[in-house]
Amino acid sequence: MAAENESLAQFETQLAELENLVQALEDGDVSLEDAVRNFEQGMALAKRCEDLLKRAELRVQKLMSSADGEQLESFDRQPEQEA
């Protein structure tokens with residue numbers, strides 16, 4: 001459980017860092033060199049956040065599939081519309 005909380009804290013910290021980098025790039029108040037460095041750092045942060053989200057999704061899938069042996073429906077599935 002402690003590792004799970006640490007992953008959540010890592011995600012939130014890295015997402016906040018990414019948001020700060022994006023804001024600095026959008027403001028345009030940085031030199032080209034700093035903008036490129038921020039972009040590279042932002043790409044790395046985005047990848048780490050994506051990895052953490054995938055791990056969380058796998059954990060949820062495992063939890064859901066272990067409940068009474070039922071299979072988890074895909075997150076991508078669209079809700080059925082009523083006729």
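What to note about this one:
- On the beta carbon distance between residue 59 and residue 19, with R0 = 35 Å, the FRET formula returns roughly 0.90.
- Estimated at 0.36 nm per residue, the fully extended path between residue 47 and residue 31 surpasses their Cα-Cα distance by 3.3 nm.
Since every read-out is calculated from the coordinates, none of them should be taken as a lab result. As the structure is a prediction and not an experimental result, all values here were calculated from the model. Glycine also receives a Cβ, built like all others from the backbone with ideal geometry; neighbour counts cover every protein chain displayed.
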